[in-house]
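Visitor: My questions all concern the structure below.
The values are calculated or read from the model by the stated rules, or taken from the named source; none is laboratory data. Predicted, not measured: the structure shown is a model, and the values here were computed from it. We place every Cβ from the backbone using ideal geometry, glycine too, and count neighbours over all the protein chains shown. For accessibility, only protein heavy atoms count, side chains too; no ligands or nucleic acids. Shrake-Rupley method; radii C 1.70, N 1.55, O 1.52, S 1.80 Å.
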Amino acid sequence: MMDFGLFFLLLVAIAIGFLLGWRARGKRAHSENQRSSQGYFRGLNYLLNEQADGAMDAFIDALEVTPETLETHLALGNLLRRKGEITKATKIHQNLLARPSLTTLQLHGAQLELARDFIKAGLLDRAEGLLQELVEANSQYKSEALEHLVEIYQDEREWAKAIHVANQLSHRRFGKSAHGRGRARAHFCCELAEQALEKKDVINARRYLRQALSYDKQSVRASLLWGDMEYQLGNYREALKLLQKVPVQNPNMIIESLDLVCDCYDKLGDKRGLHRYLQELLTHYPSSTLVIRIAEEIRWAEGDHAAADFIAQQLRQRPTIKALIRLIELHLLRSDGRARENLQLLKQLMERVLEAKPDYSCGQCGFTGNQLHWLCPGCKSWGTITAITGVEGE
Ligand SMILES: [Zn+2]
């Protein structure tokens, strides 16, 4: 049941549409006029008796479809779709499509709305068919149809089709920024590369990753995937070259590449190279994960004391709970009795503070979580989620 305020607005809209339709009909057959009036008053009767569903049906039947009343029908259909009344919205839009009195442009508008009903209802195949017709007809609604097709192929994980459709969209129509189209297409290529890698198809994986970087030079995901692939193949120098692009592509994503970078240097037996690289990162892009990683290197080379001193010195400049927990852990290794108990308590408290905090957030919609998603579950934007910085984060 809809609320009364909304219904009052609807009633006004429909009444205006009804009057327009009635005036436009002019001197048409008296019997038809009478039938519409009866439907209108039947609807009013339902409304006065607070029977919203019956009232809606009666008004839909009473309001004749003409070019003048089309907007009212479309507004009503869209309102119903937004309220989740998909069956009724579909009925209105299908009713419009059956009217030969409408122009091609008006019919295409109704077809786009019907496709949107099907998308909302999860009937993606039916929506796809309607949208493809609009694209093939080179309709004025082609851009909207292409945008919806990208969304559908994205949901169905049909990445090659998504790229094909996105290629037809102009820059302005895609995503929320000028960079959006290239970034989304790069992610589609990365998805294809991942599928190729699952089949151990290295040649095609490389081809897709190259394509991803041609669409978006800043694609961290392509660098990480490609770096990981070369590492698995034993090409450690090549892997390093790819992974070391990440700080330039997006400094907020450095921590995603750290494990693999360390593994590559390790395989190459280049401890000094790793130390130099990590120190350089620390100077320009400090983070708690980086501090902990460097402390680990120091610990193996110089022992627990030196590692703890390093973390303490970093904490003075840039306090973070993650680094503090690591410092406590290092002190726990060498303490006993009351001091050990207190340190244990402190560590547990700090861990509890972090437990309640998410690790990642979306720069676009504010969605937060403990996992890196390439496609934000909140706003469906690609590559907008990064690790949270600050005392409770990185
Ligand atoms: Zn988001």
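Visitor: In segment 191-230, which residues are open to solvent by 40 Å² or more (accessible area, probe 1.4 Å), more than 17 Å from I163 (Cβ to Cβ) and not basic (K, R)?
Guide: L197, E198, D201, I203, Q218, D228, listed by residue number.
Visitor: Also, I was wondering about something else. Report yes if some residue within segment 281-299 is farther than 30 Å from L349 by Cβ and of a type in the set (S, T, N, Q); otherwise report no.
Guide: Yes; the residues of segment 281-299 include at least one that is farther than 30 Å from L349 by Cβ and of a type in the set (S, T, N, Q).
Visitor: I've got another one for you. Go through segment 353-367 and give me each residue that's free of Cβ contacts under 8 Å to residues at least 24 places away in the same chain and more than 16 Å from the ligand (Cβ to nearest atom).
Guide: Correct list: E355, A356.
Visitor: Of the residues that sit in segment 327-352 and are surrounded by fewer than 14 Cβ atoms within 10 Å (Cβ to Cβ) and of a type in the set (A, V, I, L, M), which one is nearest to the ligand (Cβ to nearest atom)?
Guide: L349
Visitor: So for segment 268-282 (the condition being under 19 Å from I385 (Cβ atoms), open to solvent by less than 70 Å² (accessible area, probe 1.4 Å) and among the aliphatic types (A, V, I, L, M)), does at least one residue qualify?
Guide: Within segment 268-282 (the criterion being under 19 Å from I385 (Cβ atoms), open to solvent by less than 70 Å² (accessible area, probe 1.4 Å) and among the aliphatic types (A, V, I, L, M)), the answer is no, since none of the residues qualifies.
Visitor: Could you say whether any residue in segment 368-388 is open to solvent by 60 Å² or more (accessible area, probe 1.4 Å), away from the ligand (no atom under 16 Å from the Cβ), under 29 Å from Q249 (Cα atoms) and outside any loop (DSSP other than H, G, I, E, B)?
Guide: no
Visitor: A follow-up question, please. Determine whether segment 151-162 contains at least one residue that is in the same structural domain as D117 (by TED's automatic domain parsing), on the phi < 0 side of the Ramachandran plot and touching a strand residue (DSSP E or B) at 6+ places or on another chain (Cβ under 8 Å).
Guide: Looking through segment 151-162, at least one residue is in the same structural domain as D117 (by TED's automatic domain parsing), on the phi < 0 side of the Ramachandran plot and touching a strand residue (DSSP E or B) at 6+ places or on another chain (Cβ under 8 Å).
Visitor: Can you say whether A312 is out of contact with any His (no Cβ under 7 Å at 6 or more places or on another chain) and within 29 Å of E392 (Cα to Cα), as far as the supplied structure shows?
Guide: yes
Visitor: Restricting the search to segment 76-111, which residues are open to solvent by less than 20 Å² (accessible area, probe 1.4 Å), assigned to a helix (DSSP H, G or I) and aliphatic (A, V, I, L, M)?
Guide: L76, L80, A89, I92, L96, A110
Visitor: Restricting segment 112-150 to residues that are assigned to a loop (DSSP other than H, G, I, E, B) and surrounded by fewer than 16 Cβ atoms within 10 Å (Cβ to Cβ), which is nearest to the chain's Cα centre (by Cα)?
Guide: Ranking the qualifying residues of segment 112-150, first place goes to G122.
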